[in-house]
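Working notes, beginning with the structure itself.
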Amino acid sequence: ERLGRVLWQLTLEKEEAVSAYKAALEREPRHRPALEALCGLYAELGWNDDLSSTLRKLLPLEETPAGVKALRIRLSEVLSVAGRREEALESGRRALEVEPHVPADLDRVTAVFRKLKALADAVRTLTLRSEAELAAGDTGQAVRTLFEVVSLWRDDIGKPEHAGPVYA
């Protein structure tokens with residue numbers, strides 16, 4: 001693991017660093033620092049398949065709900081870039097199951113859903129965001145978010161009749 005860190009940070013030999021980290025994982029497959037370092041390397045190298053695989057290995061090691069949520073959101077983003085639509089949507093949906101909801105996290109999930117044209121999921125995410133903003137006392141932003149929901153129903157989905165309950 002230390003060799004990988006030296007190769008990556010001091011010599012900038014990223015591919016050799018990957019090999020060093022993989023060797024560390026052969027000895028200890030659940031070595032969290034090595035897995036996290038590989039995530040960073042794979043992201044820099046643009047190796048999305050390896051990155052998604054490594055993120056999946058990190059998920060069972062995460063102990064906090066916020067950490068699980070962050071990993072699921074990151075996985076969703078990586079899978080969407082890799083063109084793996086259904087897996088990206090599933091990871092985004094599973095991220096929404098983890099509370100509490102933070103507007104910044106919900107914005108990232110909404111971006112994935114919009115990119116993948118899963119607009120009903122984007123509506124759900126925006127609705128959760130407005131609830132989180134309201135709970136935080138930011139009524140003005142919550143109302144603006146609800147107008148985004150109305151716009152999605154009306155303009156993007158083409159079902160303005162579904163926007164009615166948002167006004168209620």
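The values are calculated or read from the model by the stated rules, or taken from the named source; none is laboratory data. Since this is a predicted model, take the numbers as computed values, not measurements. When we count neighbours, we look across all protein chains shown, and the Cβ atoms used for this are built from the backbone with ideal geometry, even at glycine. For accessibility, only protein heavy atoms count, side chains too; no ligands or nucleic acids. Shrake-Rupley method; radii C 1.70, N 1.55, O 1.52, S 1.80 Å.
With the cut-off at 1.5 for a/c, could you classify the range 46-150 from its C-alpha gyration tensor as rounded, prolate or oblate? Taking the square roots of the gyration eigenvalues as a ≥ b ≥ c, the range 46-150 is oblate. Principal-axis analysis of the Cα atoms of the chain puts helix 85-96 at an angle of about 80° to the longest axis. Largest accessible area first, the listed residues ARG144, ARG27 line up as ARG27, ARG144 when surface is computed with a 1.4 Å probe on the assembled protein chains.
3J(HN,Hα) along the range 27-40, derived from phi through the Karplus expression 6.51 cos²θ - 1.76 cosθ + 1.60 where θ = phi - 60°, amounts to 7, 9, x, 9, 6, 4, x, 5, 5, 5, 5, 4, 4, x Hz, with x in place of Gly and Pro. Between helix 139-151 and the chain, what is the angle of the helix's C-alpha long axis to the longest principal axis, kept within 0 to 90° and rounded to the nearest 10? That helix lies at roughly 80 degrees to the long axis.
Suppose R0 equals 22 Å; then what is the FRET efficiency for ASP156 and GLU86 from their Cβ-Cβ distance, rounded to the nearest 0.05?
0.60
Tell me which of PRO33, VAL102, ALA43 sits at the most positive position along the dipole axis of the range 12-120, charges placed on C-beta atoms (Lys, Arg +1; Asp, Glu -1). So the residue we want is VAL102. With angles folded into 0 to 90 degrees, how steeply does helix 65-81 sit against the dominant principal axis of the chain? Use alpha carbons for both and round to 10. Compared with the principal axis, the helix lies near 90 degrees.
Among TRP47, TRP153, the sequence by solvent-accessible area, most first, with a 1.4 Å probe is TRP47, TRP153.
Each residue, GLU28 and GLU15, gets one label point 7 Å from its Cα in the Cβ direction; the gap between the two is 2.9 nm.
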